[in-house]
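The values are calculated or read from the model by the stated rules, or taken from the named source; none is laboratory data. Source: prediction; values computed, not measured. Positions of Cβ are generated from backbone atoms using ideal geometry, with glycine treated the same way; all protein chains shown enter the neighbour counts.
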Amino acid sequence: MSGYRPVDLTGLKTRALAERPSKVRLEDFAASARARASFADFLAALPRILFGQDLRAVVGAIVSAHRARRPVVLGMGAHVIKCGLAPVIIDLMERGVITCVAMNGAGPIHDVEVALAGHTSEDVEAGLKDGAFGMARETGELIHVALAAAGPDTGLGAAIGRQLLAAKAPHARLSILATAARLDIPATVHVAIGTDIIHMRAGASGAALGQTSFVDFRLLTAVVKDLSGGVYLNAGSAVILPEVFLKAFTIAQNLGADLRDFTTVNLDMLAHYRPTVNVVQRPATVGGRGYTLSGRHELLIPLLAFAVVDALGE
């Protein structure tokens with residue numbers, strides 16, 4: 001025998017439930033559904049617990065930043081476009097809510113295809129056997145024409161947006177980059193060489209891609225340098241944009257930005273390491289607040305956008 005005997009519980013001390021602090025109270029509960037309720041009623045009915053409270057906080061931060069004329073930056077992966085969310089984002093750009101857009105290298109591909117043809121997102125597996133994947137002619141042609149026309153101080157996002165407008169793309173109104181060019185707001189693209197189908201072309205120029213993307217990195221850094229009181233949202237980029245944002249943030253601080261009172265948000269289906277650490281956690285230690293809103297983009301982003309517009313009373 002080990003010498004241990006079961007603990008005698010008769011000496012335990014208890015306390016009154018009324019005196020114990022609790023995290024959840026009746027006033028935090030959700031309201032029940034009712035027919036013909038408005039969107040404002042729906043928002044008010046959400047529980048003031050966990051995601052419900054975080055959603056309210058993010059909406060409040062975006063509304064406050066907009067009213068104070070502070071930046072609201074959307075860093076987005078290409079999946080956001082493939083989910084059909086360009087009209088939602090463009091509406092927020094036209095309202096002056098989103099003041100800067102940053103994309104990974106795949107973003108412009110889907111943006112250009114939507115603008116040119118009104119459709120995008122091919123069946124990758126179907127095109128692998130004969131090497132047809134990624135070989136849509138018009139997509140690469142427009143982007144490489146834009147690169148060739150770009151001056152030394154022109155970023156990739158601006159070059160593509162301007163080329164879409166110059167080419168009178170049939171669906172340019174649904175292009176985020178064309179909209180940014182039309183509204184003259186920063187739209188940056190951050191490329192990793194070899195990751196995108198436009199690199200699979202005889203005329204592809206690594207020098208041009210690198211130069212224009214580096215201009216965009218510096219441009220995004222200028223926006224981040226002004227982020228105090230603003231909001232940075234990362235939607236659907238698990239690696240590239242969280243890394244770019246952290247470096248831009250570091251340069252801003254190194255140059256004396258003294259960033260504070262900002263809000264960072266990660267919106268994605270899953271919690272990945274880099275967005276969690278580089279967007280939500282690390283910057284918050286400097287002087288901001290970080291939030292994670294998990295869910296499908298096609299539901300979460302419209303919910304956030306409608307909530308912001310409703311709060312603005314527009």
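Give me the pairs: first residue in the stretch 1-29 and under 29 Å from Leu50 (Cα atoms) and touching a residue at least 12 places away in the same chain (Cβ under 8 Å), second residue surrounded by 10 or more Cβ atoms within 10 Å (Cβ to Cβ) and among the charged types (D, E, K, R), beta-carbon distance under 9 Å, and six or more apart or on different chains, which are they?
Going by the 9 Å Cβ cut-off, the qualifying pairs are Glu27/Arg48; Asp28/Arg48; Phe29/Arg48.
Can Arg162 be described as among the basic types (Lys, Arg), within 17 Å of Thr99 (Cα to Cα) and either at pLDDT 95 or above or out of contact with any strand residue (DSSP E or B) (no Cβ under 6 Å at 6 or more places or on another chain) (or both)?
Here the answer is no, as Arg162 does not meet what is asked.
Among the residues of the stretch 256-305, count how many are polar (S, T, N, Q), under 21 Å from His66 (Cβ atoms) and in contact (Cβ under 8 Å) with a residue 60 or more places away in the chain.
1
Give me the pairs: first residue in the stretch 125-136 and more than 16 Å from Ala202 (Cβ to Cβ), second residue part of a loop (DSSP other than H, G, I, E, B) and among the β-branched types (Val, Ile, Thr), beta-carbon distance under 9 Å, and six or more apart or on different chains, which are they?
Close Cβ pairs (under 9 Å, with a partner that is part of a loop (DSSP other than H, G, I, E, B) and among the β-branched types (Val, Ile, Thr)) amount to Phe133/Val124.
Hey, can you tell me all the residues within the stretch 91-108 that are surrounded by fewer than 24 Cβ atoms within 10 Å (Cβ to Cβ) and under 18 Å from Arg201 (Cβ atoms)?
Gly105, Ala106
For Glu314, only one of the following conditions fails: (1) under 23 Å from Ala44 (Cβ atoms); (2) at pLDDT 95 or above; (3) part of a loop (DSSP other than H, G, I, E, B). What is its number?
Unmet condition: (2).
Looking at the stretch 167-195 only, could you name the residues that are surrounded by fewer than 19 Cβ atoms within 10 Å (Cβ to Cβ) and under 23 Å from Ala207 (Cβ atoms)?
Hits for the stretch 167-195 are Ala192, Ile193, Gly194, Thr195.
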